[in-house]
Every structure is written in structure tokens, then in C-alpha cells.
Amino acid sequence: MAKRLPRVDGLLIGEIFRVLAEFQPLQTTLETIAATVRARLGFRSCAILLERSGADLLMIEGAAGLASGYVDAVNRSHPIRIEDPMLSEGPSSQAFRTGQPVIVEDTETDPRFRRWRALARQHGIRSLIAVPLCSRGSVIGTLNGYQGEPRRYRDEEVQALLTVATQAGIAIEIARMVETQKQTIRRLGELTAELEEQHRLLERAAEIHDALTQLVLTNQGIPTIARTLARLVDRPVLVQDQFLRVVCEAHPTEEPATALTPLTQELLSSPGLRLGQRDARGPFELPALPERGLDHPCAVAPIVAGRDLLGYVSLALAELPAPPLTMRTLAHAATVLALAIVKDRLAHEIELRVRHGFAEDLIAGRFDDAQLMRDRGRYLGYDLRGPFQVLVFDIDHESHDHTRAQPPEAGIDRLRQRFFSVLQSVAMAHAPHALIASRHGNVAVILTAVEGPRASAADAIVHAVQHAVARALPDLSVSVGIGRVTDHLGKIATSYQEAERALRVIRRFGGQAKVLRYTDIGAARLLFHVNEPAELIDFARQRLGPVLAYDQRHGGILIQALEAYLDAGQSVPLAAEQLGLHPNTLRYRLRKVEELLGAPLADVSLLLDIQLARMILRLMDQTSTPSPAV
């Protein structure tokens with residue numbers, strides 16, 4: 001005969017509330033209550049099941065005497081659902097839904113326990129009783145007692161267990177409230193710590209802000225700002241301009257510990273590599289990418305002023321992510337660097353305006369006393385020693401086409417500003433004492449103290465400028481007019497006029513990327529006054545068209561032979577030597593020219609026509625072969 005449950009008295013309930021007074025974590029409290037009920041009421045095992053919020057499940061949250069395998073199996077593999085009794089009705093879910101005790105006298109025969117029968121058999125459970133746990137008029141879970149043999153409970157035993165469950169429900173609700181209160185207190189502590197850390201960071205950020213801003217106010221340069229930033233964040237710093245050229249680098253100590261890797265366009269143009277970037281103007285992180293040349297992770301901030309990208313400032317990092325204060329400091333340093341760069345540019349532009357005004361007076365001849373002009377130049381840092389020579393640069397008009405799709409402010413004026421900047425940097429690198437002025441839409445360069453061969457200084461600058469423009473502004477081409485060398489300060493205006501006239505000759509005949517010296521214009525000064533350029537082209541086609549048409553089929557051998565012959569003063573031996581040909585081969589080609597032109601090369605009028613035709617084609621940039629005259 002099955003033994004009865006022991007009598008329930010105040011001792012058991014008192015023990016339950018003593019457990020509550022210990023303020024243990026909720027799970028510990030649940031397990032202790034289950035162990036107390038099991039020990040006092042003589043169950044083989046005991047469990048407390050609570051509703052899982054938002055999951056429609058009863059879960060074993062505390063147990064005593066139940067194997068962990070059983071608890072895991074019920075909670076994970078054989079869950080007890082509440083709202084759908086047809087799907088998985090069980091004694092616990094029935095007690096929860098009805099608020100009434102449910103007894104399974106024999107798990108082997110009760111159909112309500114069929115889903116858990118094999119599991120119960122495995123763990124030695126043969127009967128159970130589930131009573132609802134109530135708090136403030138609502139069922140919050142069940143208290144289950146398990147036995148290892150079939151068991152029938154009398155009414156007074158069930159009532160006694162209901163009494164224990166009621167008190168346990170109150171204790172559990174209080175334990176939940178205590179647990180919630182502990183979590184709230186813990187969260188408040190975390191928030192307080194976060195606020196204190198934020199306050200510390202804000203104070204440190206304010207100190208950094210003041211330190212960096214003071215550098216701009218005291219006219220400190222970019223290297224000083226970089227060194228200060230390196231000390232503030234204790235990381236190496238690299239500053240690059242908008243073309244990714246290194247401006248300066250700085251280290252937190254005298255002994256560089258990390259080799260800095262400059263940024264490349266490949267890295268910056270790969271959006272997927274940028275970490276933590278919210279917008280294109282904000283700081284971001286780059287992971288180490290040895291295969292792309294970046295040996296260390298780094299934090300990068302664009303240096304931006306308005307719509308203009310001025311460069312980049314980057315920090316070499318030990319690891320990612322970078323501390324928030326480091327990223328904030330980097331962003332502020334980028335702003336300070338932008339202010340410093342804009343300030344330097346403004347001062348430079350003011351100086352340039354003064355210098356350009358002086359240079360414009362020279363090329364316009366707006367002075368009466370040469371000595372006063374030299375004194376004024378000395379004040380501006382110029383040593384106006386002769387000889388002098390003027391070069392006039394201009395963007396070829398056809399190069400403007402690609403600006404038409406852009407807004408007006410990004411059109412030709414902006415393009416000319418960029419071109420002027422490129423020309424200025426190149427000219428200063430090759431001729432530090434040169435003067436530069438912008439006049440009538442062109443850019444004039446005044447070379448001083450011109451020495452050596454007549455063409456060397458001018459040719460060096462022209463070549464360097466055209467090369468730099470091809471790199472920085474690949475859609476543009478530039479033509480240049482070069483005036484004569486003069487020893488007199490007062491003749492600079494004349495050299496400018498000559499260079500401008502040479503440039504106008506290029507423009508008159510439609511040349512592109514051409515360089516023309518005033519001394520090389522020759523008869524072109526006469527051709528310049530022809531109203532219709534088409535007439536000149538027709539003349540060139542009539543005289544040289546058959547030769548050029550022949551050359552188009554045979555690789556250009558005749559016009560090459562003809563030009564070498566004329567350049568050598570009509571000397572076959574000299575021209576043949578220059579071309580690396582046998583004189584007889586050259587004579588054969590020249591006879592072919594005479595045959596095509598229908599006149600001997602000894603004819604003076606033919607020679608004059610050929611020279612004029614060559615000049616027209618060269619000036620008008622007629623690189624394609626003209627059609628033969630009809």
C-alpha cells in the first residue's frame with residue numbers, strides 16, 4: 001500500500017520563505033524550493049515549471065532529484081505547449097490551463113503522458129502530480145512531484161500540496177521581483193559606469209580639441225599638427241595630399257616603432273574594405289591587407305573643406321576596432337588640418353595675387369622706371385636679372401568638351417584653376433625664380449636669368465608642364481607660344497606679345513598640343529592674315545596631296561625623304577646620312593616625288609610651294625593624309 005504524504009505544517013512554508021530571504025539568483029531559489037518540497041513531502045523528485053514569456057511553453061526552471069538529461073529532453077526535445085492541447089496536452093499544461101491539480105497515477109497507462117512515457121521509463125518515473133502555482137490571481141506555472149511507483153493521492157493530500165504551491169507561487173513571484181530589481185540595479189550600475197566613462201571621454205576629447213585648435217590659432221604647420229596628433233593618440237600618423245603624395249609623417253616617440261604604409265587609390269576606391277564609415281566624409285577603418293601593400297590596420301579620415309578633398313590623415317593601429325576616442329580625435333584632427341591647409345592656401349593666394357599683379361605689370365609694360373621695378377621685385381623676393389623670356393600657355397579649346405555635362409561652377413573656370421595650379425607647381429620646380437601671371441585667359445611664365453642654349457630652359461618647362469597636365473588632367477591638351485629672349489626689363493612686354501602671337505598662330509590654324517616659337521613663325525605671319533583657313537588647306541592638298549596619298553599606302557617614306565632633303569639644304573648626301581639611307585635610295589625617292597608632283601625639285605617656285613604647304617599642314621595639325629588634288 002502506498003505511503004501517505006507527510007503532514008504539511010508551518011515548518012515547510014517557513015523554510016520556503018527563509019530561502020526567499022537569502023536573496024539568491026532566481027534559478028538557485030527555484031532549485032532550493034524544489035529540494036525543500038521534495039525533502040519535506042517525500043517525493044522521489046520535484047520540479048517547478050514556469051511559463052516562458054512569449055513562447056507558449058512551460059519550461060522546467062528548477063528541479064531536485066531529476067536527472068539533467070530528463071530536464072533537457074523535456075525542455076528541448078519534448079516541449080510542453082500551453083495553448084494547443086490537441087498538439088501536446090500533458091498533465092502540466094492541463095494544470096496550468098485549468099488552474100486545477102492533475103494526477104497521473106501510472107505513466108504507463110495514462111494516455112495524457114504518452115509523449116513522455118519512454119523518457120519517464122528511462123528515468124524511473126512512474127507517477128506524478130502537477131498543481132498550479134498562482135500569484136495575484138494568475139497561474140504562473142506548476143509544481144510537480146514525481147514518484148518511482150504508481151501512486152494514488154487522497155483529497156487532503158492534494159489540498160495540502162495546493163497550500164504549499166500557493167505559498168511557493170507567492171515566494172517565486174517575490175523572487176522574480178527581487179531578480180528584476182537586481183537586474184535593474186545592475187543595469188543602473190552599468191549605465192552609471194558608462195556615463196562616467198562618457199564623461200571622462202568628453203573631458204579628454206575637450207582637452208584634445210583645445211590642444212589641436214590651439215595649433216591652428218598659433219599658426220603651427222601641418223608637421224606640428226601631425227606630431228601633436230601622434231602624441232595624443234600614441235600612434236604613428238601619416239598625412240597625404242589629394243593626390244596621395246606623402247606630406248609628412250609623425251611618431252609618438254623619437255624612435256619610430258612602426259613603418260607607415262601610404263594609402264593607395266586601390267585601397268580608397270574599395271568601399272567593401274572600409275569599416276565603420278557612415279558617410280564618405282567621415283573617418284573609417286581599413287584592415288591589414290598585405291597582398292595590397294597595407295601591412296597594418298589603420299584608421300583614416302578624409303581632410304575636407306566644403307566640397308573639396310584636400311587629402312587624408314591616417315593612423316597605424318595595433319588592432320581593430322580603434323577606440324572611440326581615437327576615432328573622434330582623428331576626425332577632429334582632420335578638421336584642424338583642413339583649417340590649416342585652407343589658411344595656408346588663403347595666405348598663398350593673397351601672396352600670389354600680389355606677385356601676379358607685379359608680373360602683369362611686367363608683361364603689359366606698365367612701368368616707366370626700370371630701377372623702381374627692380375626694387376619692387378626685390379621686395380617681393382624676385383631677382384630681376386636678365387636675360388628674360390616669356391612663355392604663354394593655354395588650354396586647347398576642344399579639350400573643354402568634357403566639362404559641358406558638369407554644373408557651371410565645375411566647368412571651364414574650375415578647369416582653368418586646376419590647370420593653373422599644375423602649371424604653377426611645375427614652373428616653380430623647374431624655374432624657382434620665374435614669375436607667373438594670368439592674362440586674357442592665358443597663363444604667362446616669365447623666365448629670368450635665362451642661361452645656356454637658347455631653347456633649353458623654355459623647352460624643359462614646356463615638356464614638364466605638358467607631362468604633368470597629361471597625368472593630372474588627362475582630358476586636356478595644352479599649346480604654348482614662346483617669345484624671344486631679351487636682355488632688357490622693358491622688353492619683357494615685347495617677348496610676351498611675341499609669345500602670344502605665336503599662340504594665336506597655333507589657334508588660327510587649329511593646332512592641338514603645339515609648341516611654337518616666335519622665331520619659327522616665319523612666313524606663317526603672312527598666312528595668319530588669310531581670312532579662310534580652308535583656302536590654305538586646299539593649297540596644301542594641291543601641292544602635297546599626291547605625295548601624302550602615296551605615303552599612306554607605303555608607310556610615309558616619300559614625305560620623310562622630302563623633308564630631310566629640304567632641311568639639309570637640298571643636299572642628298574647630308575639628307576641620306578641623316579636618314580641612314582644610301583644616297584641612291586634617297587635619289588630614287590626624290591624622283592618619285594617629282595613624278596607625283598609633276599615638276600622637278602630644282603624648280604624654285606615648287607620648292608616655295610612645298611615649304612608653304614608643309615608649314616600649313618604642321619600649323620593646322622593635319623596629321624591625317626590629305627586627299628590627292630582632283
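The values are calculated or read from the model by the stated rules, or taken from the named source; none is laboratory data. Source: prediction; values computed, not measured. Don't worry about glycine lacking a Cβ; one is built from the backbone with ideal geometry, like all the others, and counts go over all protein chains shown. Just the protein is used for accessible areas: all its heavy atoms, side chains included, with ligands, DNA and RNA removed. Shrake-Rupley method; radii C 1.70, N 1.55, O 1.52, S 1.80 Å.
FRET efficiency for the Ala602 to Ala449 pair, using the beta carbon distance and R₀ = 45 Å, is estimated at 0.40. The stretch between Ser425 and Asp308, if pulled fully straight at 0.36 nm per residue, gains 40.2 nm over its current Cα-Cα span. Ranking Ile185, Ile559 from most to least accessible surface, computed with a 1.4 Å probe over the protein chains only, gives Ile185, Ile559.
Solvent exposure of segment 532-589, expressed per residue, is 55 Å² of accessible area, with all protein chains present and a 1.4 angstrom probe.
With a sphere of radius 13 Å drawn around the Cβ of Thr192, what net charge do the other residues whose Cβ falls strictly inside it have (Lys, Arg +1; Asp, Glu -1)? Result for the local shell: -1. Shape analysis of segment 35-119 places it in the rounded category; the axes a ≥ b ≥ c from the Cα gyration tensor give an a/c below 1.5. Applying 1/(1 + (r/R0)^6) with r as the Cβ-Cβ distance of Arg186 and Ser68 and R0 = 35 angstrom yields a FRET efficiency of 0.80.
Once you sort the root eigenvalues of the Cα gyration tensor of segment 74-175 as a ≥ b ≥ c, which label holds: rounded (a/c under 1.5), prolate (a/b larger than b/c) or oblate (the other case)? Since a/c reaches 1.5 but b/c is at least a/b, the shape of segment 74-175 is classed as oblate.
Residues Glu594, Glu156 ordered from highest to lowest accessible area at a 1.4 Å probe: Glu156, Glu594.
The heavy atoms of Leu596 offer some 50 square angstrom of accessible surface to a 1.4 angstrom probe. Between the amide H of Ile80 and those of Leu58, distances stay under 5 Å, these residues lying 5 or more places away or on another chain, with hydrogens modeled in the peptide plane.
With the whole protein complex present, Glu51 retains an accessible surface near 80 Å², based on a 1.4 Å probe.
Residue separation of Leu268 and Glu173 scaled by 0.36 nm, minus their Cα-Cα distance, works out to 28.4 nm of gained length.
Residues Arg471, Arg200 ordered from highest to lowest accessible area at a 1.4 Å probe: Arg471, Arg200. Multiplying the residue separation of Arg52 and Ala347 by 0.36 nm and subtracting their alpha-carbon distance yields 99.1 nm. Looking at the calculated P(r) for segment 116-220, what percent of the C-alpha pair distances fall above 17 Å? Counting every Cα pair in segment 116-220, those more than 17 Å apart make up 73 percent.
The H on the amide N of Ile140, modeled in the peptide plane, is under 5 Å from the matching H of Leu133, Cys134, Ser135, each at least 5 residues off or on a different chain.
For Arg235, the accessible surface of its heavy atoms amounts to roughly 60 Å² (probe 1.4 Å, protein chains only, rounded to the nearest 10). Backbone amide hydrogens, once placed in the peptide plane, bring His123 within less than 5 Å of nothing, excluding anything fewer than 5 places away on its chain.
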